[in-house]
Amino acid sequence: MKLKINSLPAWLIVVTMVIVLAVFIGKAFKLDNPFAETASVDEFLQNHWTYPIPAQGKPPASFSALEASLDPASCGECHADQFAQWRSSLHSHTMGPGIGWQLQLVDMKTAQSCLRCHAPMTEQLALFSQQRGWSNSRSTPPDYIPENLHQQGLVCAACHVRAHVRHGPLASKPNAERNVHGGFEEHEAYSDSRFCANCHQFKADGPRINGKLRENTYEEWLATDFAQQGQHCQSCHMPQRQHVWRGIHDKEMTRSALGVELAAQPDAEGVYQLEAKITNSGAGHHFPTYMVPEIVLYLEVLDAEGRVRELAQHTIAWRVNLALTEEIFDQRLAAGESVSLHGKLQNIANYTQLRLRIHVAPRQHYVRTFEDYLPHNRDKLQPETLSLLLQSIRESKAVEYEFIAAELAIGRVAN
Ligand code: HEC
Ligand code: HEC
Ligand code: HEC
Ligand code: HEC
Ligand code: HEC
């Protein structure tokens, strides 16, 4: 009888491959363990961020079902804070409707290229392939792999677990318990910006627009004073090791990026010159770092009745065309860089307040792209794909917000 490889359960093939691999890697480890604490950060990360992350394989026999499980909720049984924080972060939403509808239309090669950052484990790729019908295996995964692991996005295990071994930063508790899940391996790479660069920095040969890499956050950071002072991505995005990863979607985080100064000065003719100076003083990279968000600044005055008059407006963004081939403008603020808005008033006595209002659209580029795509393709899409696309447009608009960044009483200036 001829053995048909297609009829073997996919999990068995994976497990077999892992055993073969483990024997190889096991030998290699004895000579030179790339995960060893003494490995340099670059060496460690080169082995840590291979794609796809190799299948974990069969859990050690000594593990309980809870210790073996790759489900974030299982990690959360013991690491409750990290789980609650991660749930509130965008890292647990990297497989949301925005990427979801696109993944239903692409081929396997393209999907893999997306999953590298959005759901990087072999187990996730296998489940996703099963869902798309690319793998004809109908078998259910073993207990330690939850059936929806691929939908849960950038899960704990993707950053922390390799071959069922837990890896983490240098322990914050000196006498941490070491008898759960076989203990853990520590490495300084977890506290280093290069850990994040795997997904937040394109390689030098990656896609560019007008000569600039589309994702360049790590390089931008390297050029800042924060890098000089050893303030890594984690110090702003994971304060006290919290798994929150707040960014441009969060009002207080955006506020913390900006220094704002308002001024109202009469000139020789008694005409008031009004100015707002906005500085990127708190983001450890360009504000914003990607082409996705758009931030609009409004310099305004208010009268005693609260009526608003706009004096000036300015957009901070890196706007590109929808085909991602051409730059329309790049008005991002590099770290430390400033921009000023100016206005003039003859009769300042009519007004009581000068202010800077800021409107933030964290996903503007996607809104524009998806809204352009929709009318031409509506009829061609499967109902499920269409519904994900509509949901993602709705959600991408719902995350927009505004705030008053600074105000100055000007009535008294005039008196
Ligand atoms: C049965 C409880 C339990 C489960 C389940 C569990 N852990 Fe742990 N883990 C511990 C304990 C206890 C420690 C020791 C340090 C401590 O007390 O926080 C630890 C340590 C760690 C560390 C090292 C922390 C450091 O200081 O460097 C990491 C990383 C980690 N676990 C990740 C995970 C992940 C990821 C999962 C799920 C895939 C998981 N753990 C599941 C109990 C658990
Ligand atoms: C995007 C990658 C990433 C994901 C996803 C992630 N972590 Fe972490 N985790 C880190 C990094 C990086 C650190 C170290 C931060 C530092 O050194 O400032 C860390 C630290 C930890 C620590 C040590 C905390 C301490 O106070 O010493 C534990 C425990 C942990 N993570 C568990 C989890 C659990 C549980 C999940 C899922 C609910 C999770 N992590 C998801 C990257 C990640
Ligand atoms: C190098 C890592 C990387 C790769 C590869 C990658 N992405 Fe992303 N993706 C990101 C990061 C980082 C963000 C967050 C950007 C932001 O919010 O400004 C993101 C955000 C998104 C979003 C917006 C968030 C949402 O869920 O609505 C979509 C949609 C998306 N990516 C689709 C894709 C698709 C489709 C592919 C494959 C063709 C892909 N990505 C490949 C890193 C990556
Ligand atoms: C000094 C603090 C600081 C450091 C260091 C820092 N960031 Fe940020 N980051 C911010 C602030 C504030 C925002 C919100 C404003 C913005 O979007 O620029 C932000 C926003 C972001 C965003 C949202 C998307 C966007 O287009 O802006 C991402 C992604 C991000 N940071 C990743 C990183 C990575 C990766 C590193 C390390 C290479 C890093 N950050 C270093 C403060 C910091
Ligand atoms: C395996 C890939 C991967 C790694 C590693 C990773 N990220 Fe992310 N990160 C993503 C993706 C994908 C998104 C987009 C989530 C979305 O919008 O759906 C994201 C989103 C973010 C955001 C939210 C940006 C916003 O728009 O508000 C911040 C901040 C961030 N990451 C910081 C970090 C930091 C700091 C590290 C290192 C400790 C890190 N990331 C490691 C893939 C990764």
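The values are calculated or read from the model by the stated rules, or taken from the named source; none is laboratory data. Quick caveat, the model's predicted, so the values are computed rather than measured. FYI the Cβ positions are ideal-geometry reconstructions off the backbone, even for glycines, and counts take in every protein chain you see.
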Looking at Phe202, Phe226, Phe184 in this structure, which one is outside the structural domain of Ala409 (by TED's automatic domain parsing), within 10 Å of ligand 4 (Cβ to nearest atom) and of a type outside the set (Lys, Arg)? Phe226
Mind checking which residues of segment 259-298 are surrounded by 22 or more Cβ atoms within 10 Å (Cβ to Cβ), assigned to a strand (DSSP E or B) and aliphatic (A, V, I, L, M)? Leu274, Ala276, Ile278, Ile295
Is it the case that segment 185-192 has a residue that's within 29 Å of Ala334 (Cβ to Cβ), within 14 Å of ligand 3 (Cβ to nearest atom) and modelled with pLDDT of 95 or more? no
Name the pairs: first residue in segment 57-72 and assigned by TED's automatic domain parsing to the domain that holds His164, second residue within 16 Å of ligand 3 (Cβ to nearest atom) and not in a helix (DSSP H, G or I), Cβ to Cβ under 6 Å, at least 6 apart or on different chains? Pro72/Val155
Counting only residues that are assigned to a helix (DSSP H, G or I) and either more than 8 Å from ligand 4 (Cβ to nearest atom) or in contact with a helix residue (DSSP H, G or I) (Cβ under 7 Å, 6 or more places away or on another chain) (or both), segment 247-257 contains a total of 3
Taking segment 200-224 and keeping only residues that are within 13 Å of ligand 5 (Cβ to nearest atom) and outside any helix (DSSP H, G or I), one is left with Gln201, Phe202, Glu215
Would you mind listing the strands (runs of 3 or more DSSP E) fully within segment 324-415 where at least 3 residues are surrounded by fewer than 16 Cβ atoms within 10 Å (Cβ to Cβ)? 327-330, 338-345, 401-409
When you look at Trp101, is it in a loop (DSSP other than H, G, I, E, B), assigned by TED's automatic domain parsing to the domain that holds Glu67 and either more than 16 Å from ligand 3 (Cβ to nearest atom) or not charged (D, E, K, R) (or both), yes or no? no
What is the number of the single condition among (1) in contact with a Gly (Cβ under 7 Å, 6 or more places away or on another chain); (2) away from ligand 4 (no atom under 16 Å from the Cβ) that Leu213 does not meet? (2)
Selected residue (only one of His314, His285 is touching a Phe, Trp or Tyr at 6+ places or on another chain (Cβ under 8 Å) and of a type outside the set (S, T, N, Q)): His285
I'd like the residue in segment 185-195 that is part of a helix (DSSP H, G or I) and either surrounded by 19 or more Cβ atoms within 10 Å (Cβ to Cβ) or away from ligand 1 (no atom under 16 Å from the Cβ) (or both) and, out of all such residues, is farthest from the chain's Cα centre (by Cα). Ala189
In segment 181-193, is there at least one residue being among the polar types (S, T, N, Q) and away from ligand 5 (no atom under 12 Å from the Cβ)? no
Could you please let me know if Asp81 is loosely packed, with under 14 Cβ neighbours inside 10 Å and more than 16 Å from ligand 2 (Cβ to nearest atom)? no
Quick check on this structure: which one of Ala171, Ala197, Ala227 is more than 10 Å from ligand 5 (Cβ to nearest atom), hydrophobic (A, V, I, L, M, F, W, C) and in contact with a helix residue (DSSP H, G or I) (Cβ under 8 Å, 6 or more places away or on another chain)? Ala227
Count of segment 225-246 residues which are surrounded by 13 or more Cβ atoms within 10 Å (Cβ to Cβ) and part of a helix (DSSP H, G or I): 8
